[in-house]
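Worksheet: one structure, shown below.
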């Protein structure tokens, strides 16, 4: 049987700071916001806000009151030029910009590409598995 050795290293006295890039740094300065309009009986409520943090990074924020039905599959978030989901993959979906998937109800942040064009006037929640919109929020 081989002997087993354990060594302890002295703990570094410096504090380690973890940076979560999915969260805004400092305050979120809201540029545009709007309340969700529920569609297809999905119970979607709450508000969406588009803004920048202290580092100039852009985020989409769903407020603590955000709710939607997450039991039907993946709910995808898009920025859109209208309140309707109109896919145009042959032309690169010029009227849609994919943000991500709804991870949970309640407050959440989604970092988005810089300089979102003002032509994107709505946030759309789309359920691809059911091919229905769950709701939209006009950004004003």
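Could you give the length gained by full extension between residue 130 and residue 104, i.e. 0.36 nm per residue of separation minus their alpha carbon distance, to one decimal place?
Stretched fully, the residue 130-residue 104 segment lengthens by 7.5 nm.
To the nearest 0.05, how large is the calculated FRET efficiency for residue 140 and residue 111 if R₀ is 22 Å and r is the Cβ-Cβ distance?
The formula returns an efficiency of 0.50 here.
Using a Förster distance of 35 Å, how high is the FRET efficiency between residue 55 and residue 35, based on the Cβ-Cβ distance and rounded to 0.05?
The formula returns an efficiency of 0.80 here.
Can you pull the one-decimal nm distance between simple spin-label points at residue 25 and residue 119, each 7 Å off the Cα toward Cβ?
3.1 nm
Since every read-out is calculated from the coordinates, none of them should be taken as a lab result. Note that the coordinates shown come from a computational prediction; the quantities given were computed from them, not determined experimentally. Neighbour counts run over all protein chains shown; Cβ positions are idealised from the backbone, glycine included.
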